[in-house]
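What follows draws every value from the coordinates through simple rules; no lab data is involved. This is a predicted model, so every value here is computed, not measured.
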């Protein structure tokens, strides 16, 4: 669906605008057309329509950008590549500066490097803490405003890293505006886990997390800020983000809480000693604790091909959410604090507790081989299908799930669509994050256009894509057990071996005649390290391999992942 073309969207439903009549429970059954009555009955029978079900599912995404039918532009101001009718803008939503107690760089340092390494947007997310809550949000804002003025073709958001009460961390950020500091400051001071009573019970903390997300949604509805988003960070790192908490965050406000990191930052941490830290990729070097969810397997505490276990396991936790019909997206980022092979340190005489910041970094001449981070954009990218180069368009694209992610610049570009079989019109079909609705029995197909990499990455080699996997799962509706983290009907349906080394690869996969709702997602790899997935070879014969702590060169194990597309009967 590109601009300049007229396409029939009568069979596609996006996530913005008015609800279709079959989904609008304010319309009595007796006032529906026969077709809408049939559709409503189907959705009810599948457990996908009713009290609260539609609000947290792909059938109704309040406030989300439309996945179909919007005008698109080919605006190159941000350096993004226009493909498939969208401008693809690369970004990073998890970056720290001298205003974090464990980091050291200026906002401008991080922004300049991110921009130089090809990013179009980024989010400054300094740590929530008592000191940060007191003065950090205020102090960093002038630096962010200055950076926006100095690097005009980089979208620089202000956010923070939230200590989720009773759980891990999350990126929270808002659309720039006159209230951005006020909203973030009130949010942090009221809901940050580091500021809550140590005597809080688990139930009290979980309730505060839900209230924090609802607070952000109210700020948008009250027009204090134009938009606000939440992404859970490194969700499996310590095993304390339980499945029911993730579901509760999503359901608290699906227009705000929209996803988690599919892969953590700190990807340099696994580079073997003495050339590197010799630790675990992502700092995923933990073991279960008393605070951990007891159901998680030991394998969940490590990364797989650099990706979080929740994302990398076919038929695992992410798929369990998608199988419910929950729109829940993945991202990647740098989590950049202190950069591998950098030669600087915090400014001398710094007093973070008093000042809420470190003095500007200084050159030392000492190479940091034990640091675990890369500069923003150096290794991981979150690629957002945007309708223009703007803060709002990036947030809309993230909320709509028009996102694919990669490590090491494995590929140059990607466009994925699901469409009715045989529809050969250019840019037709439903893109990533979207919902295609067709009559039962209609044949559909997945089409993929992948631009192979032809430019060396920042490790100075051109990656080679070896295999692309198509993953398909049945939408089975809401689960009775909100701590469920498996999706038994999800599996790798097709693998394509890629022999080309240059140009574009165009692939298609027959999804068959629609008899029940399903979703499809895609991943690709350089093929250097694979093993059967945790659910067995019949589910995932060539999945990512478990990363070895102390011997995990991130450049030798590259993957890309897409967000899903759903196909539903209408």
Measure nothing but the geometry: give the 0 to 90° angle between the long axis through the Cα atoms of 34-45 and the longest principal axis through the Cα atoms of the chain, rounded to 10°. 50 degrees
Measure nothing but the geometry: give the 0 to 90° angle between the long axis through the Cα atoms of 107-116 and the longest principal axis through the Cα atoms of the chain, rounded to 10°. 50 degrees
Per the Kirkwood treatment, what hydrodynamic radius in Å, one decimal, follows for the chain from the mean inverse distance over all distinct Cα pairs? 23.7 Å
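According to the Kirkwood expression over distinct Cα-Cα pairs, how big is the hydrodynamic radius of the stretch 176-335, in Å?
17.1 Å
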Taking the convex hull of the alpha carbon atoms in the stretch 81-380, what volume per residue do you get, in Å³? 145 Å³
I'd like the orientation of helix 391-400 relative to the chain: the angle between its Cα long axis and the longest Cα principal axis, in ° from 0 to 90, rounded to 10. 50 degrees
Based on the Cα gyration tensor of the stretch 433-517, what are the three equivalent ellipsoid semi-axes, each the root of five times an eigenvalue, rounded to whole Å and given largest first? 32, 19, 11
Going by Cα centres, the stretch 484-546 and the stretch 215-264 are how many Å apart? 27 Å
Could you let me know the centre-to-centre spacing of the stretch 432-470 and the stretch 354-411, using Cα atoms, in angstrom? 22 Å
